[in-house]
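The values are calculated or read from the model by the stated rules, or taken from the named source; none is laboratory data. If you're wondering where the values come from, they're calculated on a predicted model, not measured in any experiment. FYI the Cβ positions are ideal-geometry reconstructions off the backbone, even for glycines, and counts take in every protein chain you see. Ligands, DNA and RNA are excluded from the accessible area calculation, which covers all protein heavy atoms including side chains. Shrake-Rupley method; radii C 1.70, N 1.55, O 1.52, S 1.80 Å.
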Amino acid sequence: MPVRYEKTRLFFHSVEDDGTISRVFAGPGAILATVSQPERGVLSSVDGGATWAFSSAPALDAVLFGGRGIFAVAGARVLRSEDGGRTWAGAGPGDDPVEALAVGPDGALYAGGRGKIYVSADAGRTFRSFAPQIPAKSWRARSIVAVPGALVLSVRAEAAQPQRPSDRFAALLGYASSEAVAALALVDSRDASPRSVQWGGAGDGVYVSRDGGASFVKSGLMLDAWVAARGGALYAVAADPVLRAAGLIRSHPDLAAAAERHLAGDRVDAGALRAACAFPGPDALMGGPIASAPVFRSADLGATWARQVDPPLPLVLALREEIERVSWEAPAVAQPRQRDGGHPAQAPPPRRGGGRRGGQGGTAAGGGRPAPRTASAETMLSFVDPARLLAHYNSGLQLTGVSGGFAYAPTREYWDALVAALAAESEAEGEISLGPGLPDFPQGDAFEVLRSRDGADWARVEVKTPRAPKAIVAYPESVAGTGGQGFFVLAGRNRSGEAWRGGWRIAAP
């Protein structure tokens, strides 16, 4: 077995090079823990974590617990297990990575990739391929949802001439483009009446098929979104980074103002940055990456969509859990420095604060105006989202997670320590720093575990959180809750670059 199993609160623990646990998943009748080294595979338990079995398998990108077994996405392959994860078999429906997966009410399996939909009637052993006619030359599947009588496909179109995310972001902060004006108007709208909604590029949107995926027609929501089915209705959460950033700007106006000054090359005000990142409390944090994104609901199978104004916490958390189950985002990692000649340099070990310019570029030759920023959309979102921004000072680990009635969130003391590290490094650099960095936090609990039975009322679980060795702050990277138990993957690094990982199990019926 590639990791050490301990019948203690640490259900798996990496000791030297004996193994590394990566993620945990839980569903009806099974718990899965993926392992990345020394042999890649899956540890599975069908008795609530009392015993575990190992099987070789590639890294799992997403997992679905269906009526006929467990299905998983691994790159361009769809894997299946009919024995609770003890053994796996798979098929590659196409050449490109699978980006969406769904199980229908009749047991049919649907997968989506670049420009194609794949359908399997035999639990993923074989697939039929369809190429739906979508009004975009090139598109990718964002979400697939199978409901009685229909298949719902959410599409993100690929622009023929894509615009740099940093340019779109700067225009949004400055209200300087038609896209920015439309995004902020949509976010600001309080119209909750059922209607058609359109925003974004041609082809972006939600499509509905009533013939098993052979053909699709437009729904009333034509924008890039994650889609989920819940309580007999469809829900859509805006996924385009500009729309998500627009929601964050309205939720965090002070941080947005600091970001606008940052992009203009003005010096950061460390005091204002601290104030913009004041601790909001666990309830405000638990919505995670979708907390400020526009949410829509359809009660007529996509014909019309109603904006969910100020959606309640149970709905936000249910949607977050569903979305993250099928579209996990890897932890943030700061970009390495560039040596002369453009070759990436080795990433520096984490410290309090971070690399110059946070990986976003530097000062132009000759000491003039700052060079234009170039960054991914997710990096740009960090500038208007305190939780994303502080994750760069938390070994790149997302600050909250939720699964099966369990959640975790930073303690106020740890949040304040992260803010202090961010402010100190940003003041030293003269602009908002994206790290990598670590806070000064010699003792105390970095996070708290929360428990809820209804998704609305959350209470702190009184447990002693694990301590990691070598001055490492242990923090959750993955969580899976089932049957009154919470399973966590903990991780962390110290300022010398040494890493630690471990598994933690708690019971809170």
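Output the residues belonging to the range 431-444 that are open to solvent by less than 10 Å² (accessible area, probe 1.4 Å) and more than 15 Å from L255 (Cα to Cα). Residues satisfying the conditions are G435, G437.
Counting just the residues of the range 151-164 that are aliphatic (A, V, I, L, M) and open to solvent by 10 Å² or more (accessible area, probe 1.4 Å), which one comes out nearest to G232 (Cα to Cα)? Taking the candidates together, the pick is A157. Could you grab me the full set of residues in the range 422-470 that are within 24 Å of A499 (Cα to Cα) and of a type in the set (S, T, N, Q)? Matches in the range 422-470: S433, Q443, T465.
The set of residues in the range 402-419 being within 22 Å of A468 (Cα to Cα) and surrounded by fewer than 22 Cβ atoms within 10 Å (Cβ to Cβ) consists of T411, R412, E413, D416.
The criterion of at least 2 residues that are among the basic types (K, R) and within 25 Å of the chain's Cα centre (by Cα) is met, among helices (runs of 4 or more DSSP H) falling completely within the range 236-308, by 241-251.
Applying the set (1) surrounded by fewer than 21 Cβ atoms within 10 Å (Cβ to Cβ); (2) in contact (Cβ under 8 Å) with a residue 12 or more places away in the chain to A459 leaves exactly one unmet item: (2).
Restricting attention to the range 53-87, the residues being of a type outside the set (G, A, S), farther than 19 Å from S403 by Cβ and not in a strand (DSSP E or B) number 6.
Filtered by the rule that a residue be within 15 Å of D96 (Cβ to Cβ) and of a type outside the set (A, V, I, L, M, F, W, C), the range 133-158 gives S138, R140, R142, R156, E158. Annotation: of all residues in the range 416-474 being of a type in the set (V, I, T) and in contact with a strand residue (DSSP E or B) (Cβ under 9 Å, 6 or more places away or on another chain), the one that is farthest from D283 (Cα to Cα) is I472. The residue of the range 116-144 that is nearest to V237 (Cα to Cα), among those that are open to solvent by less than 20 Å² (accessible area, probe 1.4 Å) and under 24 Å from the mean Cα position of the chain (by Cα), is S143.
Residues checked against (1) modelled with pLDDT of 95 or more; (2) out of contact with any Gly (no Cβ under 7 Å at 6 or more places or on another chain); (3) on the phi > 0 side of the Ramachandran plot:
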{"position": "R356", "(1), (2), (3)": "no, no, no"}
{"position": "A364", "(1), (2), (3)": "no, yes, no"}
{"position": "M380", "(1), (2), (3)": "no, yes, no"}
{"position": "P386", "(1), (2), (3)": "yes, yes, no"}
{"position": "L399", "(1), (2), (3)": "yes, yes, no"}
{"position": "Y408", "(1), (2), (3)": "yes, no, no"}
{"position": "E413", "(1), (2), (3)": "yes, no, no"}
{"position": "L418", "(1), (2), (3)": "yes, yes, no"}
{"position": "P436", "(1), (2), (3)": "no, no, no"}
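Here R40 fulfils each of the conditions (1) open to solvent by 50 Å² or more (accessible area, probe 1.4 Å); (2) touching a residue at least 24 places away in the same chain (Cβ under 8 Å); (3) under 23 Å from V489 (Cβ atoms) apart from (2).
Checked against (1) more than 20 Å from A214 (Cα to Cα); (2) open to solvent by less than 10 Å² (accessible area, probe 1.4 Å), D167 passes all but a single condition, namely (2).
Within the range 103-114, restricting attention to residues that are open to solvent by 20 Å² or more (accessible area, probe 1.4 Å) and without any contact (Cβ under 8 Å) to a residue 40 or more places away in the chain, the residue that is farthest from L223 (Cα to Cα) is D106.
Hey, does the range 320-328 have a residue that's open to solvent by less than 40 Å² (accessible area, probe 1.4 Å), free of Cβ contacts under 8 Å to residues at least 60 places away in the same chain and either out of contact with any Phe, Trp or Tyr (no Cβ under 7 Å at 6 or more places or on another chain) or among the charged types (D, E, K, R) (or both)? Scanning the range 320-328 turns up no residue that is open to solvent by less than 40 Å² (accessible area, probe 1.4 Å), free of Cβ contacts under 8 Å to residues at least 60 places away in the same chain and either out of contact with any Phe, Trp or Tyr (no Cβ under 7 Å at 6 or more places or on another chain) or among the charged types (D, E, K, R) (or both). Please verify whether E82 is more than 26 Å from W226 (Cα to Cα) and either out of contact with any Pro (no Cβ under 7 Å at 6 or more places or on another chain) or crowded, with 17+ Cβ neighbours inside 10 Å (or both), treating the condition exactly as stated. Judged against the criteria, E82 is a match.
Is it the case that the range 93-106 has a residue that's more than 30 Å from A26 (Cβ to Cβ), touching a Ser or Thr at 6+ places or on another chain (Cβ under 6 Å) and assigned to a loop (DSSP other than H, G, I, E, B)? The answer is no, given that none of the residues of the range 93-106 is more than 30 Å from A26 (Cβ to Cβ), touching a Ser or Thr at 6+ places or on another chain (Cβ under 6 Å) and assigned to a loop (DSSP other than H, G, I, E, B).
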